[in-house]
Each structure stands twice: as C-alpha cells, then as structure tokens.
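What follows is a single structure, written as structure tokens, with notes after it.
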C-alpha cells in the first residue's frame with residue numbers, strides 16, 4: 001500500500017500534528033514566485049450564498065479560514081473536520097476566540113456523519129489523494145450536498161515538486177511511497193485525471209489552475225522541517241549545490257521546482 005493512502009502512517013508520521021504540514025506551507029510561502037497567497041486565491045473561488053452551511057474535510061490547521069478571517073460572511077456556519085485528531089485540535093486552538101460560527105468534528109471522508117442534503121458546500125483541499133476509497137468518499141460528499149450545492153477540491157498535477165521528488169526517491173528511498181512523480185495511473189488523484197473521476201458524481205467540473213513555481217535559495221531551513229530524518233549532507237554531496245543554495249538540476253544559484261496545483265468548484269448534479 002502506498003504511504004499516500006496508508007492511514008496509520010499518515011496519522012502517526014505525517015499528520016499527527018501540524019508540524020510537518022506547516023513546514024511545507026512555509027516552504028511555499030517563502031519561496032513561491034506567485035506572490036498572491038494560495039489560501040486567498042482559493043477563497044476567491046467560493047461562491048456560496050450569504051447564509052450557508054459549509055463542511056471542510058481535511059481542514060488541517062485551518063489555514064483557509066485563518067488567512068481569510070476578514071472575508072468570511074457572518075452567516076456562514078462552518079464545520080471543520082479532519083481525520084487526524086491532532087490536526088483538528090490545532091485548528092480549534094488557532095480559531096479560539098473568533099466570533100465566527102465554527103464547529104469541529106473528527107470525520108472520515110468515506111463515512112460523513114450528516115444527513116442527506118445538509119450542506120451548501122463541501123471543501124476538500126489537497127486531501128483526496130490520501131483517501132483509500134475515493135469513490136466512496138465522493139459519493140458521501142454528493143450525498144450530504146444540497147441540490148445545487150458545490151464541492152470545491154484542490155489537488156496537484158503530475159509535475160508538482162517533481163525535482164524534489166526525484167531527489168527524495170534517489171537519496172531517501174524509504175520516503176518513496178509519498179511521491180508519485182510521473183505517475184499516470186488512476187491510483188493517485190491528480191489534476192490530469194481528476195476531472196474524469198469527479199464527473200461520475202458531479203454534472204459540471206471546472207478547473208482553475210494556480211500558476212506557481214518555487215525558487216529555493218536555502219537548503220537546511222526549508223527541508224529539515226519536512227524531512228527531519230533526511231541526511232542532507234549526503235544529499236548535498238550527490239547533487240549540485242552552490243553556496244548553500246538548492247540547485248538541482250542546474251547550477252545557477254537557485255532551485256526552480258515545478259508546481260502544478262488548482263481548485264475546482266463542482267456543482268452537485270440532479271441525478
């Protein structure tokens with residue numbers, strides 16, 4: 001089983017708390033070439049009524065809502081959920097004291113504990129590729145959406161962080177299961193195959209790409225938090241670094257890492 005969908009591994013090694021996720025977020029915030037914040041960009045695409053019930057699956061440390069606290073309509077009733085109790089606890093702590101109507105619930109996307117047609121919108125950003133039975137999860141999402149409700153999902157493309165993935169696979173083979181570099185199979189939910197998979201459950205699928213790249217000029221700070229057990233000196237000796245700058249595969253003083261990600265709003269169909 002791939003580590004991408006290994007629930008025990010994800011809960012104990014990657015998402016028992018927000019530390020590693022926050023390190024990845026910081027990597028993007030520090031070195032992205034697109035200066036418009038990702039979470040603000042995602043929020044731009046939420047077109048829900050002024051009074052709505054919203055469910056977020058895989059909320060993590062609630063970044064979407066923290067980054068857009070000034071934009072959330074007063075009458076949005078938002079349920080934040082995560083498969084990881086540790087993540088959910090951090091989301092609760094981050095949003096403590098807010099006047100917004102947030103509730104928090106431990107939820108497995110494959111079995112959503114709400115009645116049919118309960119939500120105006122469901123959000124699942126960068127998490128569907130971690131769900132073992134996506135067809136079941138998507139059926140559950142459609143079930144809890146009201147007719148005319150919207151499902152918003154974000155995922156990555158085949159070339160997302162390809163350069164870093166190639167290094168990880170070469171120098172840290174035990175982390176191979178987290179990377180699907182060039183994987184065109186249906187086992188991983190990507191921008192390239194997501195439309196066909198979602199079209200089974202939703203009548204209209206619209207893709208909005210978020211163009212970005214990473215230019216990383218440091219090694220230890222960004223990568224140590226994400227892969228604390230990675231032997232960086234060995235990795236450095238086997239690759240091309242100039243004055244502490246990550247320069248794979250070229251040696252121009254910086255690293256350009258490909259990013260491919262996007263978000264899609266999917267209206268529930270009438271079937």
Across segment 42-70, the tally of residues that are in a loop (DSSP other than H, G, I, E, B) and either closer than 14 Å to residue 103 by Cβ or touching a helix residue (DSSP H, G or I) at 6+ places or on another chain (Cβ under 6 Å) (or both) stands at 6
Would you be able to say whether some residue in segment 72-92 is at pLDDT 95 or above, within 27 Å of residue 190 (Cβ to Cβ), touching a helix residue (DSSP H, G or I) at 6+ places or on another chain (Cβ under 7 Å) and surrounded by fewer than 16 Cβ atoms within 10 Å (Cβ to Cβ)? no
Taking residue 121 as meeting all but one of (1) surrounded by 15 or more Cβ atoms within 10 Å (Cβ to Cβ); (2) within 25 Å of residue 136 (Cα to Cα); (3) out of contact with any strand residue (DSSP E or B) (no Cβ under 9 Å at 6 or more places or on another chain), write down the number of the exception. (3)
Identify, from the list 44, 70, the residue that is without any contact (Cβ under 8 Å) to a residue 12 or more places away in the chain and closer than 18 Å to residue 124 by Cα. 44
Checking residue 136 against (1) crowded, with 17+ Cβ neighbours inside 10 Å; (2) at pLDDT 95 or above, only one condition comes out false. Which one? (1)
Test result for residue 147, assigned to a loop (DSSP other than H, G, I, E, B) and either more than 21 Å from the chain's Cα centre (by Cα) or touching a residue at least 40 places away in the same chain (Cβ under 8 Å) (or both): no
What do you reckon, is residue 69 at pLDDT below 90 and out of contact with any strand residue (DSSP E or B) (no Cβ under 9 Å at 6 or more places or on another chain)? no
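Residue-wise test of (1) assigned to a loop (DSSP other than H, G, I, E, B); (2) touching a residue at least 12 places away in the same chain (Cβ under 8 Å).
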{"position": "77", "(1), (2)": "no, yes"}
{"position": "81", "(1), (2)": "no, yes"}
{"position": "88", "(1), (2)": "no, yes"}
{"position": "93", "(1), (2)": "no, no"}
{"position": "105", "(1), (2)": "no, yes"}
{"position": "113", "(1), (2)": "yes, no"}
{"position": "120", "(1), (2)": "no, yes"}
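The values are calculated or read from the model by the stated rules, or taken from the named source; none is laboratory data. Predicted model, so just to flag it, every value in this text is computed and none were measured. When we count neighbours, we look across all protein chains shown, and the Cβ atoms used for this are built from the backbone with ideal geometry, even at glycine.
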